[in-house]
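Worksheet: one structure, shown below.
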Amino acid sequence: MARTRLSRSDRYDQLVEVSWALVRAEGADALTLGRLAEHAGVAKPVVYSHFGSRAELLAALFTEFDDRQAAMLEASLDTAPATLDGRASAIANSYVGCTLAQGRELTGVLAALEGSPELEQVKRAAERAYSDRCRAILEPFGSGGISTPSLTAIFGAADALSHAAVSGALAPGEATGELAELIVAIVGKA
């Protein structure tokens, strides 16, 4: 049977998809460029042409997750009322929803990102951009603006509630509802 040659972009997408599947099945520690090549059914040089190192691969996975999270936020905002409750619900639904869609494998990738200063910088930059976007969404509803400590509290709670939903400790609706209420309370006090 003849092999179908993928475009560079399609191959990259395939490698990212196979990487997430590998992390889901075996954990982030099992993700190496060699294992990725094996699971994707390609030669190692193909993988190395896309990702020069494991660190680059992990950064790419996080960036792909972050892009999906930002897109989910914008889609939620498109259908949400332009009220504080509507915006808070859009943020909560997209944050928890994206984490649930990614599942437990996200935790392993996040832990691996914390393992090196370069990868941690990628994560922090993405978090800062997402936080800045949410600040812009919420600022019209806060009298004095949204402080950095307030945003830190919101996203600390968002992480905890999302992971509780992923682990089954909370129902998804409980996590999103609680997060939306927290956002309204914090922004309302600002």
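The values are calculated or read from the model by the stated rules, or taken from the named source; none is laboratory data. On a predicted model such as this, the values are computed, not experimentally measured, just so you know. Note that we place each Cβ from the backbone using ideal geometry, even for glycine, and neighbour counts take in every protein chain shown. With ligands, DNA and RNA removed, areas are computed over all heavy atoms of the protein, side chains included. Shrake-Rupley method; radii C 1.70, N 1.55, O 1.52, S 1.80 Å.
Each residue in the range 168-190 was checked for being touching a residue at least 60 places away in the same chain (Cβ under 8 Å) and either aromatic (Phe, Trp, Tyr) or over 12 Å from ALA88 (Cα atoms) (or both), and 2 of them qualify.
If I filter the range 99-108 for residues that are in contact with an Asp or Glu (Cβ under 7 Å, 6 or more places away or on another chain) and open to solvent by 20 Å² or more (accessible area, probe 1.4 Å), do I get at least one hit?
No: the range 99-108 contains no residue that is in contact with an Asp or Glu (Cβ under 7 Å, 6 or more places away or on another chain) and open to solvent by 20 Å² or more (accessible area, probe 1.4 Å).
State yes or no: is SER150 touching a Ser or Thr at 6+ places or on another chain (Cβ under 8 Å) and closer than 21 Å to ALA70 by Cβ?
Working: touching a Ser or Thr at 6+ places or on another chain (Cβ under 8 Å): no; closer than 21 Å to ALA70 by Cβ: yes.
Answer is no for this residue.
Listed conditions (1) modelled with pLDDT under 95; (2) open to solvent by 20 Å² or more (accessible area, probe 1.4 Å) are all met by LEU113, apart from (2).
Suppose we filter the range 1-50 for residues that are small (Gly, Ala, Ser) and either open to solvent by less than 30 Å² (accessible area, probe 1.4 Å) or within 25 Å of ARG104 (Cα to Cα) (or both); how many remain? Break it down stepwise before answering.
Taking the range 1-50 as the starting set, the residues that turn out to be small (Gly, Ala, Ser) are 2, 7, 9, 19, 21, 25, 27-28, 30, 34, 37, 40-41, 43, 49.
Then keep just the ones that are either open to solvent by less than 30 Å² (accessible area, probe 1.4 Å) or within 25 Å of ARG104 (Cα to Cα) (or both); that gives 19, 21, 25, 27-28, 30, 34, 37, 40-41.
Total satisfying the criteria: 10.
Checking the range 123-141 against the condition returns a match, with at least one residue being open to solvent by less than 60 Å² (accessible area, probe 1.4 Å), modelled with pLDDT under 85, in contact with a helix residue (DSSP H, G or I) (Cβ under 8 Å, 6 or more places away or on another chain) and within 21 Å of PHE65 (Cβ to Cβ). Checked against (1) closer than 19 Å to GLY115 by Cα; (2) more than 20 Å from the chain's Cα centre (by Cα); (3) of a type in the set (Val, Ile, Thr), VAL42 passes all but condition (1).
Of all residues in the range 51-62, those satisfying the criterion of being surrounded by fewer than 19 Cβ atoms within 10 Å (Cβ to Cβ) and either of a type in the set (Gly, Ala, Ser) or touching a Phe, Trp or Tyr at 6+ places or on another chain (Cβ under 8 Å) (or both) are GLY52, SER53, ALA55, ALA60. Take the residues of the range 63-87 that are closer than 15 Å to SER162 by Cβ and aliphatic (A, V, I, L, M): which is least open to solvent (accessible area, probe 1.4 Å)? The extreme case among them is LEU73.
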